[in-house]
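If you scroll down you'll find the structure; I have some questions about it.
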Amino acid sequence: MTSFIHNWLRSDIQAISAYHVPKAQKMIKLDAMESPFVLDESLLERYIQHLAAQPINRYPDPSAEAVLTPLRELMDIDNDFGVLLGNGSDELIQLLALACRPGDTILSVEPSFVMYEMIAKFTHLNYQGVALDDNFELDVEAFLAAINTHQPKLVFIAYPNNPTGNSFERADIQRIIEAAGDALVVLDEAYYAYAQDSFLPDVARYDNLVVLRTVSKIGFAGLRLGLMVGAQNTIDELNKLRLPYNINMLTQAAAEFLLDQGEMIERNAQVVISERAKLAEALSNISALQVYPSQANFILFKAPDAQALFEALTQNGILIKNLSQAPGLNNCLRVTVGAPKENQAFMSVLETHYG
Ligand SMILES: *Cc1c(COP(=O)(O)O)cnc(C)c1O
């Protein structure tokens, strides 16, 4: 018997497998690039009072002014640049796709962030991915050729890249922006806090460049707050596509309070960066593993027996991301850098497994 929805729904959507989020009850959660840090006791009371004072019977401020001011300060965003807020940067990726005509092309690299391709499908766009090389480096000549062949409307580059963790060469990305011509180039800097370089200042130089960021990877994944930074007139036009009130009142209030804690955010990022170095070193000491360099708050590594290792970790209450079945990521696993104790627990399972 065919159900109603099977007759009703677009066949290309039926063919997509749903974005899967595994249950992680009571596990050490090192699968989703979340920050391991919770709010300090000393902040909690003021935070709760701030949230409780919100007039929840009213619609939120449609322009979310209270968020923009501390966000510009925290991320050092030039006052000449426009900022568009989204319910997570995922929503802004979707908004950019909605601005295209059906049949336009999104170009990115493979492997990269899976939402680029999923959203392209939802919105009747073509998706083309240019393969990274064996070390997950960008093949810039192949990418430039793909721009020529596919004439993309949107180019997405995650900088640093997810799930590989590396940042591509700045000069290569500049060549892509300059060669992209009519395409809007989107540099997705979800991991900016853990990276050495950023294209945010370059927004002043290139009118076909926008930069995406999010607070998800710096401690506030629960808020669902992302941003797009671009030339003011670019942002003004794209803002027409944003649903009114897309940033809810509690997110606005929480962000207003939390983004003001610049020192705490910076301190936590520094802990993650130093833990990343320790974790990379410990992983490299296991000769069976191949460890890839990271500018993000996670590390990609290749294990000869990825599935078995993943299961050993799960049995020990540790959840990471098993990418070993994904195209181009044969036997690869991705571990988020956690708190020191979590990373030690992770390493001790690995050391036993390969010991
Ligand atoms: C995590 C991630 C995002 C999603 O960010 P949200 O703001 O949580 O939607 C976007 N891009 C990349 C590359 C990511 O890794």
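The values are calculated or read from the model by the stated rules, or taken from the named source; none is laboratory data. Predicted model, so just to flag it, every value in this text is computed and none were measured. Positions of Cβ are generated from backbone atoms using ideal geometry, with glycine treated the same way; all protein chains shown enter the neighbour counts. Ligands, DNA and RNA are stripped out before the accessible areas are found, and what is left, the full protein with its side chains, is counted by its heavy atoms. Shrake-Rupley method; radii C 1.70, N 1.55, O 1.52, S 1.80 Å.
Give the residues of segment 64-90 that are more than 17 Å from the chain's Cα centre (by Cα) and closer than 16 Å to G226 by Cβ, sorted by residue number.
Correct list: A64, V67, L68, P70, L71, R72, L74, I77, F81, G82, V83.
Regarding segment 89-102, can at least one residue be identified that is open to solvent by 10 Å² or more (accessible area, probe 1.4 Å), closer than 30 Å to G328 by Cα and modelled with pLDDT under 95?
The answer is yes, given that some residue of segment 89-102 is open to solvent by 10 Å² or more (accessible area, probe 1.4 Å), closer than 30 Å to G328 by Cα and modelled with pLDDT under 95.
Further question: Going by the conditions given, is R170 under 21 Å from A231 (Cβ atoms), under 12 Å from the mean Cα position of the chain (by Cα) and either in contact (Cβ under 8 Å) with a residue 24 or more places away in the chain or within 12 Å of the ligand (Cβ to nearest atom) (or both)?
Against the criterion (under 21 Å from A231 (Cβ atoms), under 12 Å from the mean Cα position of the chain (by Cα) and either in contact (Cβ under 8 Å) with a residue 24 or more places away in the chain or within 12 Å of the ligand (Cβ to nearest atom) (or both)), R170 does not qualify.
Within segment 24-47, how many residues are in a loop (DSSP other than H, G, I, E, B) and touching a Phe, Trp or Tyr at 6+ places or on another chain (Cβ under 7 Å)?
3
Hey, can you tell me all the residues within segment 10-35 that are more than 15 Å from I320 (Cβ to Cβ), open to solvent by less than 50 Å² (accessible area, probe 1.4 Å) and away from the ligand (no atom under 14 Å from the Cβ)?
Matches in segment 10-35: I16 only.
Then there is this: Quick check: anything in segment 166-173 in a loop (DSSP other than H, G, I, E, B), out of contact with any Leu (no Cβ under 7 Å at 6 or more places or on another chain) and among the hydroxyl-bearing types (S, T, Y)?
Scanning segment 166-173, I find at least one residue that is in a loop (DSSP other than H, G, I, E, B), out of contact with any Leu (no Cβ under 7 Å at 6 or more places or on another chain) and among the hydroxyl-bearing types (S, T, Y), so the answer is yes.
Got at least one residue in segment 201-215 being away from the ligand (no atom under 15 Å from the Cβ), aliphatic (A, V, I, L, M) and touching a Leu at 6+ places or on another chain (Cβ under 8 Å)?
Within segment 201-215, one or more residues are away from the ligand (no atom under 15 Å from the Cβ), aliphatic (A, V, I, L, M) and touching a Leu at 6+ places or on another chain (Cβ under 8 Å).
Could you give every pair whose Cβ atoms fall below 9 Å, whose first residue belongs to segment 79-101 and is on the phi < 0 side of the Ramachandran plot and of a type in the set (S, T, N, Q), and whose second residue is open to solvent by 10 Å² or more (accessible area, probe 1.4 Å) and away from the ligand (no atom under 14 Å from the Cβ), counting only separations of at least 6 or pairs across chains?
Going by the 9 Å Cβ cut-off, the qualifying pairs are N79/R72; N87/L243; N87/N248; Q94/F122; Q94/T123.
Let me ask something else. Return yes when V130 is within 15 Å of the ligand (Cβ to nearest atom), open to solvent by less than 70 Å² (accessible area, probe 1.4 Å), assigned to a strand (DSSP E or B) and not small (G, A, S) and no when it is not.
No; evaluated as a whole, the condition is false for this residue.
Out of (1) buried (at least 20 other Cβ atoms within 10 Å of the Cβ); (2) more than 16 Å from the ligand (Cβ to nearest atom); (3) closer than 27 Å to A64 by Cα, what's the single condition that is false for I176?
The single condition I176 does not satisfy is (3).
Hey, can you tell me all the residues within segment 103-127 that are surrounded by fewer than 21 Cβ atoms within 10 Å (Cβ to Cβ) and in a helix (DSSP H, G or I)?
Those that are surrounded by fewer than 21 Cβ atoms within 10 Å (Cβ to Cβ) and in a helix (DSSP H, G or I): V114, M115, E117, M118, K121, F122.
Can you list residue pairs whose Cβ atoms sit under 6 Å apart, with the first residue in segment 229-251 being over 15 Å from L184 (Cα atoms) and the second being among the polar types (S, T, N, Q)? Count only pairs 6 or more apart in sequence or on different chains.
N246/N87; M249/Q54
Only one of L333, L259, L289, L279 is surrounded by 20 or more Cβ atoms within 10 Å (Cβ to Cβ), over 19 Å from the mean Cα position of the chain (by Cα) and either at negative phi or small (G, A, S) (or both). Can you tell me which?
L279
For every residue, the table says whether it meets (1) without any contact (Cβ under 8 Å) to a residue 60 or more places away in the chain; (2) closer than 25 Å to C332 by Cβ.
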site	(1), (2)
V140	yes, yes
D182	yes, no
R205	yes, no
K217	no, yes
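Every residue, every condition in (1) of a type in the set (S, T, Y); (2) within 15 Å of the ligand (Cβ to nearest atom); (3) not in a helix (DSSP H, G or I), yes or no:
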{"position": "Q252", "(1), (2), (3)": "no, no, no"}
{"position": "E266", "(1), (2), (3)": "no, no, no"}
{"position": "A288", "(1), (2), (3)": "no, no, yes"}
{"position": "S294", "(1), (2), (3)": "yes, yes, yes"}
{"position": "T314", "(1), (2), (3)": "yes, no, no"}
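Could you pull out the residue among D182, D133, D172 that is at pLDDT below 95 and of a type in the set (D, E, K, R)?
None of the other options fit; the residue is D182.
Are there any pairs, at least 6 apart or on different chains, whose C-beta atoms fall under 7 Å, with the first in segment 329-355 and closer than 22 Å to E34 by Cα and acidic (D, E) and the second assigned to a strand (DSSP E or B) and modelled with pLDDT of 95 or more, and if so, which?
Close Cβ pairs satisfying both conditions: E342/I28.
Further question: Within segment 103-124, how many residues turn out to be touching a Ser or Thr at 6+ places or on another chain (Cβ under 8 Å) and more than 10 Å from the ligand (Cβ to nearest atom)?
The qualifying residues number 2.
Next up: Restricting the search to segment 237-250, which residues are over 13 Å from A99 (Cα atoms), open to solvent by 30 Å² or more (accessible area, probe 1.4 Å) and assigned to a helix (DSSP H, G or I)?
Across segment 237-250, the qualifying residue is only L250.
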